[in-house]
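Let me begin by presenting the structure, written as structure tokens, before commenting on it.
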Amino acid sequence: MTREECAALDVRDPLARLRASFILPDGVIYLDGNSLGALPRATSTRVREVIEQEWGGGLIRSWNDAHWIEAPRRVGAKIAKLVGALPHEVVCADSTSINLFKVLATALRLQAARPQVSMRERRLILSERSNFPTDLYVAQGLADLLGNRYELKLVDFGAVIGAIDDSVAVVMLTHVNYRSGAKHSVSSVTYRAHQAGALMVWDLAHSTGAVPIDLNDARADFAVGCGYKYLNGGPGAPAFLYVADRHLKAITEEPFAQPLSGWMGHRAPFEFAPGYEPARTIDRFTVGTPSVLALAALECGVDTVLAAGVDALRAKSVQLTELFLRLVDERCTGFELHTITPRDAAYRGSQVCLTHPHAWPVMQALISRGVIGDYRDNGDAPGILRFGFAPLYVRFVDVWDAVELLRETLAGESWRAPEHQERKAVT
Ligand SMILES: *Cc1c(COP(=O)(O)O)cnc(C)c1O
């Protein structure tokens with residue numbers, strides 16, 4: 001495979017024109033859109049408009065006149081299209097961690113209220129040992145808050161399905177693993193969870209905007225996802241959450257089924273009543289005042305994904321990751337690189353992860369040459385070089401150039417330079 005052949009792929013790429021919707025610095029090959037999406041061209045203008053006209057000019061009137069109050073639902077409805085949900089099943093709010101707390105607590109509450117067929121107590125929240133830590137921490141904290149009536153059980157990626165039985169209250173998984181790029185089947189795992197009487201909570205942080213998801217088709221119960229990764233919403237963008245319509249209905253008579261009972265989740269926040277009465281809609285999963293500026297930025301990011309269509313994004317993402325794997329195989333042999341991402345595209349998301357005994361300095365050296373990926377710790381095993389391929393703006397020639405710079409970095413051992421050894425606060 002030559003660079004010219006990669007350039008030819010770009011010429012034929014139906015999404016190529018969308019790269020122009022982003023501001024990308026010259027001399028940078030950005031392979032970290034799975035961690036922080038790039039800046040859409042529309043965002044600065046839109047956010048400036050919200051600041052200067054809606055806030056500066058409209059002042060408090062803009063809650064109504066500029067539709068600020070509707071933004072969590074409006075942007076949620078747009079995201080619903082990307083995850084196979086109905087518009088009223090998704091809302092934007094808070095962070096992924098907080099949303100996970102809310103939906104996990106609700107799932108446990110719903111499960112406890114169900115008539116149980118088996119005599120066995122459902123004490124387990126089942127997850128994956130290599131799940132993103134915040135998900136595990138949130139589950140641990142919630143179990144503690146509930147008097148340790150529940151216990152978090154962790155198993156390896158491949159052992160999840162086999163571990164689902166009638167002792168499990170809720171299965172809580174991340175669709176695409178942040179460290180390996182391996183992807184679960186939303187439909188198969190959800191099906192197995194339901195068969196065993198468990199409820200299913202999905203974290204879609206590493207898949208929304210790059211991998212097609214059909215929550216309704218899979219009959220998923222709850223989900224959360226991130227606004228600043230493939231959705232390009234900007235650093236710390238609001239996250240989203242999904243609650244299946246049947247569960248929204250099932251909890252209507254239970255005021256505290258969603259335990260963060262803030263005023264935005266009230267049936268009528270502007271009645272200022274002393275007692276909490278939840279909204280009968282997904283609004284009850286919101287808590288406090290929405291972050292209007294951040295939602296404006298997130299909406300611009302979500303629009304870039306909608307403009308492409310998630311099936312087209314997935315098709316290109318598979319091509320990009322295949323190309324990267326193939327070029328690493330062809331051009332980077334003998335450098336102690338080891339691929340930990342599944343080789344079969346059906347089982348991976350939009351990132352490829354390689355281990356190397358000196359992964360940290362190798363990534364720093366690569367970044368110094370303009371290839372921005374990131375590093376992930378891997379316990380006692382060799383560290384991980386993580387490369388995300390955001391199909392909206394990564395080109396096929398970028399893949400070729402990135403592999404070439406990786407090859408040069410390893411061949412010339414430029415990563416041994418002292419300036420590449422020092423650990424930073426954020427990896
Ligand atoms: C990125 C990510 C998060 C981020 O959570 P925040 O609350 O936004 O910090 C959570 N879970 C997973 C699986 C992620 O990949």
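Here are some notes:
- Hydrodynamic analysis of the range 49-306 uses the Kirkwood radius over alpha carbon pairs. Inserted into Stokes-Einstein at 4 °C and 1.567 mPa s, it gives a translational diffusion coefficient of 70 µm²/s.
- Summarising the strand pairing of the chain, around 55 percent of its internal DSSP beta bridges are antiparallel.
- For the residues F389, F222, F256, a GNM of the chain with alpha-carbon springs under 10 Å puts the largest fluctuation on F256.
- When the convex hull of its Cα atoms is viewed from all sides, the range 99-208 shows a mean projected area of 6.3 nm².
- Histogram of C-alpha separations across the range 287-356, 10 Å bin width, %: 16, 33, 23, 20, 7, 1
- Percentage, to the nearest whole number, of Cα pairs in the range 245-310 over 20 Å apart: 44 percent
- Total lysine pairs in the chain at Cα distances under 26 Å, for residues eight or more apart or on different chains: 19.
- Each helix, a run of at least 4 DSSP H residues, gives -39500 (n - 2.57); summed and divided by the residues of the chain, these come to -11000 deg cm²/dmol at 222 nm.
- Taking only the Cα atoms of the range 91-150, the radius of gyration and Dmax are 12.6, 38 Å.
- Solvent-free Debye calculation, one equal scatterer per alpha-carbon of the range 331-377: log10 I(q)/I(0) at 0.19, 0.30, 0.32, 0.33 Å⁻¹ equals -0.70, -1.18, -1.21, -1.22.
- Within the shell of other residues whose beta carbon sits under 9 angstrom from the beta carbon of L31, the net charge comes to -2, with Lys and Arg scored +1 and Asp and Glu -1.
- Spin-label pair D245/T289, simplified geometry with 7 Å Cα→Cβ offset, distance in nm: 3.4 nm
- Where Rh is the Kirkwood radius over Cα pairs, Rg/Rh for the range 273-403: 1.14
- For the range 152-281, the fraction of alpha-carbon pairs in successive 5 Å shells from zero, as %: 2, 9, 17, 18, 17, 16, 12, 6, 2, 1, 0
- Proxy reagent accessibility, fewest Cβ within 10 Å first, across C226, C6: C6, C226
- Reference-scaled alpha-carbon Rg (2.2 N^0.38 Å with N residues) for the range 183-230: 1.14
- Potential lengthening between E322 and R267 on full extension [0.36 nm per residue; Cα-Cα distance subtracted]: 14.9 nm
No value in this document is a laboratory result; all are computed from the given coordinates. Being a predicted model, the structure only gives us computed values, none of them experimental. Cβ sites come from the backbone with ideal geometry, for glycine too, and all protein chains shown count toward neighbours.
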